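**Student:** Sharing a structure below in structure tokens format, with a few things to ask.
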């Protein structure tokens, strides 16, 4: 209805994650068995707590992005609970002057509000990250690691690394001061380390490694018009690595774990991703319990049974 992430950010200056509060409010209102009016009260109360500006995305350490998403979920739950206790709000938050449609909807897209309602669930389109970096960086990292594995070139022979991707994602990760959301830095770290897990992405030693710094200086990032036409908000990229005697290229339309990438990740893939991070922190026994709880989430009655396994001194 709003046209997606870019219009919300570019035209309205609003963090689109704020709208996630509506989904949380309706889900909780349904679980609480609220009537139609109280569903609408819950939505209005949630939105009043969650609208956030886009400007904080320019922060140095990229911390409040996650805060906004968490606040949206909190706002949705709070709105539903307040509505359940009798707290009232607007019952016309969508169609009223100054409401959601009037303020943010693109003309002609109003029907998107109810399209496939009850049949298409956004959670089924979730993306999984298999590199410890900002998501626009995943396709370039996958490309450079694949090229090195295939061609076996020496890092000293690299003269230039050109990365092409959609313009908006490129602007988010271009030479940022925080290493894990800096494309140039993460591409260089991945090439030197041969992978990009949590340890590599956050290693002070690697960040200051002479080879990493040299390779970082060779990375040229280009917002590409072809990608803008094909997938303006996509996460694809094309990487070309040049040497004295030629060049090699690889294009990744969607990074591993993306909802449009086939085959989709398996539970074994997810176990490998989580195990590397969690066993050292919570132990093998608690990790095994956590994994089994996630794999059978439909049968879990209380989410605390899952989250409690991740805390210090959690369930045994």
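The values are calculated or read from the model by the stated rules, or taken from the named source; none is laboratory data. Keep in mind that this is a model prediction, so the values were computed, not measured. Every residue, glycine as well, gets a Cβ built from its backbone with ideal geometry; the counts of neighbours run over all protein chains shown.
**Student:** Would you be able to tell me the number of residues in segment 187-235 that are more than 22 Å from residue 167 (Cβ to Cβ) and in a loop (DSSP other than H, G, I, E, B)?
**Tutor:** Qualifying residue count for the region: 8.
**Student:** Condition (residue is surrounded by fewer than 16 Cβ atoms within 10 Å (Cβ to Cβ), over 30 Å from residue 175 (Cβ atoms) and in the same structural domain as residue 9 (by TED's automatic domain parsing)) applied to segment 54-63: is it met by at least one residue?
**Tutor:** Of segment 54-63, the ones surrounded by fewer than 16 Cβ atoms within 10 Å (Cβ to Cβ) are 55-61, 63.
So of that shortlist, the ones also over 30 Å from residue 175 (Cβ atoms) come out as none.
Among the residues of segment 54-63, not one is surrounded by fewer than 16 Cβ atoms within 10 Å (Cβ to Cβ), over 30 Å from residue 175 (Cβ atoms) and in the same structural domain as residue 9 (by TED's automatic domain parsing), which makes the answer no.
**Student:** When segment 166-175 is examined, which residues are found to be touching a residue at least 60 places away in the same chain (Cβ under 8 Å) and either surrounded by fewer than 23 Cβ atoms within 10 Å (Cβ to Cβ) or part of a helix (DSSP H, G or I) (or both)?
**Tutor:** Residues of segment 166-175 touching a residue at least 60 places away in the same chain (Cβ under 8 Å): 166-169, 172.
Listed by number, the residues that qualify are 167, 168, 169, 172.
**Student:** When the residues of segment 97-108 are narrowed to those that are exposed (fewer than 14 other Cβ atoms within 10 Å of the Cβ) and assigned to a loop (DSSP other than H, G, I, E, B), which ends up farthest from the chain's Cα centre (by Cα)? Before the answer, list the steps.
**Tutor:** Kept after step one, since they are exposed (fewer than 14 other Cβ atoms within 10 Å of the Cβ), are these residues of segment 97-108: 97-98, 102-103, 107-108.
Applying the additional criterion that residues be assigned to a loop (DSSP other than H, G, I, E, B) yields 97-98, 107-108.
Values: 97: 32, 98: 30, 107: 28, 108: 28 Å.
Filtering first and then ranking leaves 97.
**Student:** Is there a residue in segment 201-217 that is under 20 Å from the mean Cα position of the chain (by Cα) and surrounded by fewer than 16 Cβ atoms within 10 Å (Cβ to Cβ)?
**Tutor:** yes
**Student:** For segment 231-257, which residues satisfy the criterion of being closer than 17 Å to residue 215 by Cα and surrounded by fewer than 19 Cβ atoms within 10 Å (Cβ to Cβ)?
**Tutor:** 240, 242, 243, 244, 247, 248, 249
**Student:** A follow-up question, please. Just to check your reading of the model, which residue among 242, 275, 238 is closer than 30 Å to residue 160 by Cα, in contact (Cβ under 8 Å) with a residue 12 or more places away in the chain and either under 21 Å from the mean Cα position of the chain (by Cα) or outside the structural domain of residue 191 (by TED's automatic domain parsing) (or both)?
**Tutor:** 238
**Student:** For segment 118-165, name all the residues that are touching a residue at least 40 places away in the same chain (Cβ under 8 Å) and assigned to a loop (DSSP other than H, G, I, E, B).
**Tutor:** Correct list: 126, 127, 128, 129, 130, 131, 132, 133, 134, 153, 158, 159.
**Student:** Give the residues of segment 19-47 that are in a helix (DSSP H, G or I) and either farther than 12 Å from residue 76 by Cβ or in contact with a strand residue (DSSP E or B) (Cβ under 9 Å, 6 or more places away or on another chain) (or both), sorted by residue number.
**Tutor:** Within segment 19-47, the first condition is being in a helix (DSSP H, G or I), and the residues that meet it are 19-31, 36-47.
Hits for segment 19-47 are 36, 37, 38, 40, 41.
**Student:** Still on this structure, please answer the following. Residues of segment 66-93 being surrounded by 18 or more Cβ atoms within 10 Å (Cβ to Cβ) and assigned to a loop (DSSP other than H, G, I, E, B), which ones?
**Tutor:** Across segment 66-93, the qualifying residues are 89, 93.
**Student:** A further question follows. For a quick check of your reading of the model, give me the residue pairs whose first member lies in segment 200-211 and is within 12 Å of residue 178 (Cα to Cα), whose second is assigned to a helix (DSSP H, G or I), with beta-carbon atoms closer than 6 Å and at least 6 apart or on different chains.
**Tutor:** That search, which allows pairs on different chains as well, returns 201/180; 207/179.
**Student:** Can you name the number of the only condition in (1) touching a residue at least 40 places away in the same chain (Cβ under 8 Å); (2) more than 30 Å from residue 38 (Cβ to Cβ); (3) within 23 Å of the chain's Cα centre (by Cα) that residue 64 fails?
**Tutor:** (1)
**Student:** What number goes with the only condition from (1) more than 22 Å from residue 117 (Cα to Cα); (2) at pLDDT 90 or above; (3) touching a helix residue (DSSP H, G or I) at 6+ places or on another chain (Cβ under 7 Å) that residue 46 does not pass?
**Tutor:** (1)
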